[in-house]
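Data block below; observations after.
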């Protein structure tokens, strides 16, 4: 196994509806609201209870369905859809979801948000047994496992397969007469259920997608659950009861829209509280607070309120450029930062500015923002991060599966300050992050029901295929820790 696996990690959005007229159009609207979760590809599969219909392609949702006829031909009362964010060089049509498989005993479509940590091992085993893969996405593994166990019946085969895949997954499956949703035993990725006025059910990654289609929130899908929706309604099943909620803290920090609610917590409120606690931990003598649009605005307003400083619009974002963190190459990320952000000279010139951002991953954006502000005449620039230093990889569905990319994995905070070029740099503590999000009803789950492994290195599950490479990378992390102690 390579020292560090660069996997097909995806942070995607899924949406499904069953029992509603024009299901594909509703799915389109839901996916449009989830576009922030992925811009490399999109697709929808629908059912009229007899046949599954598919359209998918690379690009933004509006580009994939630029021809209205493509959406109109997706007839039926049930549909699932997917917006995809893939990684380095794998942006091909074969990897765009939902996948559609046609079998003699019934067709099935599949959409997935997450990353399987034992995908390499499972794929090799399945290939050795004769499976032929059409893509290099880990999503396809589930279908091959289901077919392997299909003699026990579809639902039993699905349950057995879900117990064999490891890591982060929120799956939507569509058959001609039902929609099925499944969430991994730790609930790493968000998934929720809503209901339309006509009684039809919706399952999607974020509650903001429920709002756009007029669905009322019912509840979150719980870890280990298997939700089956058919013409008789919604049925709750389980493929495992060995569960422990550990939802990805980056959903609250960065990925989710601020108007979404995850396990009872409004994302905006959590981010604002992160900003308040950040102000208590890192007070700075300055003239104003500005946020980095868009995911940092909530935290910046919280910091300003707590610090008693003016909250100003010092950075302007073009709304027509994709998010830089989810650009697949470093060169594209650097170009995108320059395209999407500009400093407001009339606001920051001659001022001591506190910049609040949600995270530092690779450091690309932070360095360029500081340069922009200095060119615009800022007297001082203080960078405060509303999350802890991102020092360890994510193996559950974010495009950071190697430590090589993480600035904080290789540098002390003081070194990062010098590299970014700021007058001061501060991060939120892990304890304050957990306190700010404050998940309710987590039944004593570690870290308040959150995955904070990106900051602590303590993962809630075995890492399977990633374990060997990760362990080898830790020696450098330990050297850095010793170095910080002596600073």
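Per-structure values
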quantity: Centre separation in Å (Cα based) which lies between segment 146-212 and segment 279-316; calculated: 39
quantity: Proxy reagent accessibility, fewest Cβ within 10 Å first, across 355, 221; calculated: 221, 355
quantity: Mean residue ellipticity (222 nm) of the chain, computed from DSSP H runs ≥ 4 via -39,500 (n - 2.57), nearest 500; calculated: -8500 deg cm²/dmol
quantity: 188, 103 arranged by Cβ crowding within 10 Å, fewest neighbours leading; calculated: 103, 188
quantity: Protection-proxy order for peptides 282-289, 295-302, 43-50, each taking the mean of Cβ atoms within 10 Å per residue, highest first; calculated: 295-302, 43-50, 282-289
quantity: Reference-scaled alpha-carbon Rg (2.2 N^0.38 Å with N residues) for the chain; calculated: 0.97
quantity: The chain - share of DSSP beta bridges that are antiparallel (%, nearest 5); calculated: 80
quantity: Centroid-to-centroid separation of segment 234-264 and segment 32-108 [C-alpha atoms, Å]; calculated: 23
quantity: Sorted peptide list for 268-278, 195-205, criterion being average Cβ within 10 angstrom, highest first; calculated: 268-278, 195-205
quantity: Difference of contour (0.36 nm per residue) and Cα-Cα distance, residue 237 to residue 136; calculated: 33.3 nm
quantity: Principal-axis tilt of helix 467-486 within the chain, Cα atoms, nearest 10 degrees; calculated: 20
quantity: Gyration tensor verdict on segment 13-243 (Cα atoms; rounded if a/c is under 1.5, prolate if a/b is larger than b/c, oblate otherwise); calculated: rounded
quantity: Fewest-first ranking of 12, 208, 248, using other Cβ atoms within 10 Å as the exposure measure; calculated: 208, 12, 248
quantity: Nearest 10 degrees, 0 to 90: helix 364-375 Cα axis against the chain principal axis; calculated: 40
quantity: In degrees, nearest ten, helix 330-340 long axis to first principal axis of the chain (Cα); calculated: 70
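Values in this text are rule-based calculations from the coordinates and carry no lab data. Everything numeric here is computed off the predicted structure, so don't read it as measured data. All Cβ positions, even for glycine, are placed from backbone atoms using ideal geometry, and neighbour counts span all protein chains on display.
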